[in-house]
Amino acid sequence: MSEEALLQNVYDSLTGLNEAKTIEATKECIDSGVEPEKVMKRLADAMIKIGDEFNARKLFLPHVVIAAGIMDKANKLVLEVLDVAEGAGAGKIVIGTIEGDIHELGKSIVAAMLKTAGFEVIDLGKDVQVKKYLEAAVAEDADIIACSSLMSSTMPYLKDVVDLRNDMGHQDRFKVMVGGGPVNQTYANQVGADAYAEDAMEAVKVAQKLVSA
Amino acid sequence: MIDAWDVYLRSTEGKPVSESEFDLQILPMRLMELAKEYDITYDPEVVIPSDRGLFKSVFEAAITLLVDVGFLNTSTGRIIAFDEYELRKDLRLLPGEYRVGEGNDAYCVKRRDLEDKSLPTIVSGPTGAPLTEEYFIPIMQSYAMEPSVKEMHTATLLTINDHEIKSRTTAEMMAARREITLTREATRRAGRPGLGITGTMSGTTSEAQCFGYGPDALRSGCDRLLVSMLNELKVDWDVLKKALFAQQNNLGIANCMGPVLGGYMGGPETTLIGHTAECIASFSLLGGPSINHTLPNDAATGHKIFSENIFAMAGTIATLAEHTKAVSTPYCSPASGMATENFIYEIAAQAGMFAACGSGSVLGANGSNGAEIDAYSGMNARILDESLKAFLGKSLEETNEIVIELIKHYGGDDVMNYTQQPPKRFHEVYNLKTLKPSNEFVDLWENAKANMEATTSLDFFE
Ligand code: B12
């Protein structure tokens, strides 16, 4: 099979949401000596396609989450070959919906998109206590703490995350990124967050910038 | 309804299932199978369906879904299973109405049929949107001053004593209580002290929300506690605690659901089945006789005003009207902001659906998806009321044609290119002394009506 055919296989299997085939196609690429960077690029292209189809309502959240999981596994295979630490290309993020808040959907979309961009994402779920973010960030040696808040009454906890990080002396170690319906750039500045993003696509760009800064 | 103790037992003894398996596999798979099995499809030309066969299929598919999948209690990680017989029995026992308010302002909200000629009741207020302390009473009063409004729905207090309200603290308990007492004060100032109130919105936990019940706050036999279920087909102890609290205190229960389109329930056909199922289950699990439900929120944009979302909602309301005695009480929620042209068209399109599909009452309207601060007013209720009236007597087929025109007008047929118009704030469009809308706002509405009359078969001025 030509290199192009092998890569196309990876792309088709992932856009077809077939885990076994994606893994097999990825292995085939590696075994045939296709450059790892090319495989990762094609996996990412497939996820972009899935993201576009989600926005155009041809695919739905379960598809995106499942695809992100498959992509994660395939990426790990490629990284093994590259012999670099896991996620070294992009970075590590702990994410969750803030204390008191169970609005989860936006957070889950952001988490899926970050994964597709190659970030290693640890999803802490919803109603996440302020100290849990910090505990997880320390345990995982994360680069970014990402917090979602959908209500005026849970937004104040965003400041507590920033304050606790600063009190622990970790302002240079972990960047804090915030978002969710009522949160905006002004509020993010007010609570001392390092970054804000309006939606999932922007969240990826902002996270990339934070990690490379 | 299922006895609260039985719900407890099922929650603790049911089959264990992980939330991710439920969300990503069990629910979406069964929904897709059922849509196929019952041949439930979406055609962009039919935003307001009129096929009685479709409603029958959706009803049966929804019951099958509940029996096969059940509800997940996320606190215990166990499935609350349903028996087909008990679901159908609970539906049969529904009263078909609920009473609110007291004295001169007491009111009975009744269910309606498909193409019913009676006017849906308006239950109004900013329906959960955030209001500042300065404007809380004036905005609520402006809604209560509209004669069409027969019950109030509260808003979220943004601050209390000029402090942020933090979830899980005593501040949120005080805020929930204050939100109700301020709303009551607003109804008094409007000369309607007995209006029923549905709340609370300022608290996030069950203890804070239930704290809205008390002397001069939510009253037994008069007001209602909003009990929101979790998406999709899920509850937790917090939800069940609220329902139990209201049941035992003889406080009205407003079962509440906010489905998502493009999320775990998938596209328009499967969201239609899933949302109908959660509405049906809400009677058995929570016990209220009515369903407060939002149009499905679009997972990618958060808006509710697109053709597919309206289809999924219209189908749900019509199925409930045809096959149950539920009082459907949907939220009218434009994405565009108050006092903009699109805001009016978005309200009118939703009103058409509510009027023809058989909603018993309609909540709102808010604006900006309920997310902006102080961008709501009594004019929203007036626009909703007059729009509902203009659609009365129209068949589902005629309504479909008009609604499609209105959707095109505001761009709701094009998900990728729709733009949300930013709102005017209350103080910009209302006289703060008289609490009457500005001439500019009234003219905007009059012109929009004239426009809709010229371009559709709607008649606002009979
Ligand atoms: C669906 C919904 C629910 C569902 C949530 C289900 C779930 N599992 O998520 C249910 C029914 C459970 C619910 C419950 C309640 N809700 Co609610 N809910 C909504 C609704 C309608 C949509 C939210 C949503 O999912 N949007 C779609 C997603 C995709 O958008 P998003 O979350 O904004 O995410 C995007 C961006 O913001 C960004 N983003 C999100 N997170 C992050 C994080 C980072 C780091 C970054 C960079 C970006 C980012 O990217 C995402 C993708 O583009 C909103 C109204 C609205 N339109 O926002 C009300 C709303 C948020 N709810 C509200 C309220 C009041 C409540 C309740 C208190 C109601 C009650 N009385 O019980 C409870 C609260 C319970 C609790 N403790 O949290 C109010 C909040 C008002 C306020 N205080 O500010 C709102 C605004 C509606 C209203 N006007 O009433 N709700």
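Place +1 on the Cβ of every Lys and Arg and -1 on the Cβ of every Asp and Glu in the range B:97-455, take the dipole about the Cα centre, and give the residue among B:T132, B:A208, B:T154 whose Cα lies farthest towards its positive end. Of the listed residues, the answer is B:A208.
Evaluate E = 1/(1 + (r/R0)^6) for A:K27 and B:V442, where r is the Cβ-Cβ distance and R0 equals 51 Å; express this FRET efficiency to the nearest 0.05. Calculated transfer efficiency: 0.15. Running Debye on the range B:1-96 with equal point scatterers at the Cα sites and no solvent, what base-10 log of I(q)/I(0) appears at q = 0.10 Å⁻¹? Relative scattering, expressed as log10 I(q)/I(0), comes to -0.35. Considering only Cα atoms, the convex hull volume of the protein assembly as shown works out to 149 Å³ per residue.
Does chain A come out rounded, prolate or oblate by the C-alpha gyration tensor, with a ≥ b ≥ c the root eigenvalues, rounded set by a/c under 1.5 and, if not, prolate when a/b is larger than b/c and oblate if not? In terms of gyration-tensor shape, prolate. Taking a straight line from the alpha carbon of A:K73, these lysines sit under 20 Å away, with near neighbours fewer than eight places off in the same chain left out: A:K21, A:K27, A:K38, A:K41, A:K49, A:K92, A:K115. The value obtained for the range B:97-455, namely the Cα convex hull volume divided by the number of residues, is 120 Å³ per residue. Of the residues B:P296, B:A348, B:G194, the one whose Cα sits farthest towards the positive end of the charge dipole of chain B is B:G194 (charges of +1 on Lys and Arg Cβ, -1 on Asp and Glu Cβ, taken about the Cα centre). The candidates B:W237, B:W445, arranged from most to least accessible area with a 1.4 Å probe in the full protein assembly, appear as B:W237, B:W445. Annotation: extensible slack from A:E37 through A:E202 equals 57.0 nm (criterion: 0.36 nm per residue apart, minus Cα-Cα distance). Expressed per residue, the C-alpha convex hull volume of the range A:1-70 stands at 70 Å³. Against chain A, whose longest principal axis is taken from its Cα atoms, helix A:36-55 shows a tilt of about 60°. The range B:400-446 and the range A:137-189 have Cα centres spaced 35 Å apart. Per-peptide packing, taken as the mean over residues of other Cβ atoms within 10 Å, places A:179-186, A:99-106 in the sequence A:99-106, A:179-186 from highest down.
The label point for B:D162 and the one for B:Y85, both projected 7 Å from the Cα toward the Cβ, are 6.4 nm apart. Listed by number, the DSSP H helices of chain B that run 27 Å or longer by alpha-carbon position along their axis and have mean Kyte hydropathy of at least -1.0 are B:170-189. With a 10 Å cut-off around each Cβ of B:299-307, the average count of Cβ atoms from other chains is 3. Once both labels are positioned 7 Å from their Cα atoms along Cα-to-Cβ, the gap between A:D45 and B:L432 label points is 5.9 nm. Translational diffusion coefficient of the range A:92-212 at 37 °C, 0.692 mPa s, Stokes-Einstein with Kirkwood Rh over Cα pairs, in µm²/s as a whole number. It comes out at roughly 242 µm²/s. The Cβ shell under 12 Å around B:R178 holds other residues with a net charge of -3, Lys and Arg each +1, Asp and Glu each -1.
Please work out the FRET efficiency for the pair A:D141 and B:K110, using the Cβ-Cβ distance as r and a Förster radius of 56 Å; give the result to the nearest 0.05. After rounding, the FRET efficiency stands at 0.35. On a 0 to 90° scale, report how tilted helix A:105-116 is relative to the longest principal axis of chain A, with both axes built from alpha carbons and the result rounded to the nearest 10. It is inclined by approximately 40 degrees.
Exposure check, 1.4 Å probe, all protein chains in place: A:M201 carries approximately 80 Å² of accessible surface.
Helix A:200-212 and the long axis of chain A differ in direction by around 90°, with both axes built from C-alpha atoms. Expressed as a whole number of Å, what is the distance separating the alpha-carbon centroids of the range B:257-281 and the range A:3-74? With the range A:3-74 and the range B:257-281 each reduced to a Cα centre, they are spaced 29 Å. Dipole size of chain A about its Cα centre, with +1 on Lys/Arg Cβ and -1 on Asp/Glu Cβ: approximately 400 debye, rounded to the nearest 20.
Overall, the protein assembly as shown carries a charge dipole of about 1800 debye about its Cα centre when +1 sits on the Cβ of Lys and Arg and -1 on the Cβ of Asp and Glu, all other atoms neutral. Think of the protein assembly as shown as a dipole: +1 on every Lys or Arg Cβ, -1 on every Asp or Glu Cβ, centred on the Cα centre; then among B:V46, B:S377, B:I180, B:I180 lies furthest on the positive end. Look at the stretch B:20-32: the mean tally of other chain Cβ atoms within 10 Å of its residues' Cβ atoms is 2.
Dipole size of the range A:1-69 about its Cα centre, with +1 on Lys/Arg Cβ and -1 on Asp/Glu Cβ: approximately 320 debye, rounded to the nearest 20.
If exposed trypsin sites (Lys or Arg not before Pro) are those in a DSSP loop with at most 10 other Cβ within 10 Å, what is the longest stretch of chain B that has none? In chain B, the maximal stretch lacking such sites is B:118-432. Of interest is the spacing of the C-alpha centroids, which for the range A:107-134 and the range B:142-182 amounts to 32 Å. Only protein heavy atoms count here; on that basis, with a 1.4 Å probe, B:L295 has an accessible area of about 0 Å². If I take every Cα pair under 8 Å that is 6 or more residues apart in the range A:3-82, average their sequence separation and divide by the length, what percent do I get for the relative contact order? Contact order relative to length: 38 percent.
The values are calculated or read from the model by the stated rules, or taken from the named source; none is laboratory data. As the structure is a prediction and not an experimental result, all values here were calculated from the model. Note that each Cβ is placed from the backbone with ideal geometry, even for glycine, and that neighbours are counted across all protein chains shown. Just the protein is used for accessible areas: all its heavy atoms, side chains included, with ligands, DNA and RNA removed. Shrake-Rupley method; radii C 1.70, N 1.55, O 1.52, S 1.80 Å.
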